[in-house]
Amino acid sequence: MRQTFLFGLTLEALDWELKLQLSQDVTLALKQPEGEPEMSMKQLQETYNSIMSTASCGGESGGS
């Protein structure tokens, strides 16, 4: 069954599915360790978004 699926998979279909998956917002699940000071969720989200946007921009430059 898996082989049938893989043989029928086209590059266009795979590309479309990847675009759908990557266009969705990421959900972060964090657990606060006991005894650690609380951190601002907004600050953590902003830091994450900053890192991800920097990584995304770097990947599009093509290494020029």
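The values are calculated or read from the model by the stated rules, or taken from the named source; none is laboratory data. Here the structure is a predicted model, which means the values were calculated and not measured. Accessible surface is based on the protein model in full, side chains and every heavy atom, while ligands, DNA and RNA are left aside. Shrake-Rupley method; radii C 1.70, N 1.55, O 1.52, S 1.80 Å.
Counting heavy atoms of the protein chains only and a 1.4 Å probe, report the per residue accessible area for the chain as a whole number of Å².
Accessible area per residue: 100 Å².
Quick one: grab the alpha carbon gyration tensor of the chain, order the square roots of its eigenvalues as a ≥ b ≥ c, and give me rounded if a/c is under 1.5, else prolate or oblate depending on whether a/b is larger than b/c.
Judged from the Cα gyration tensor, the chain comes out oblate (a/c at least 1.5, b/c at or above a/b).
Which of these, Glu34, Glu17, Glu46, has the largest mean-square fluctuation under a Gaussian network model of the chain (Cα springs below 10 Å)?
In the Gaussian network model the winner is Glu34.
On the accessible surface of the chain, probed at 1.4 Å, how many percent belong to carbon and sulfur atoms?
With neighbouring chains kept in place, the figure for the chain is 59 percent.
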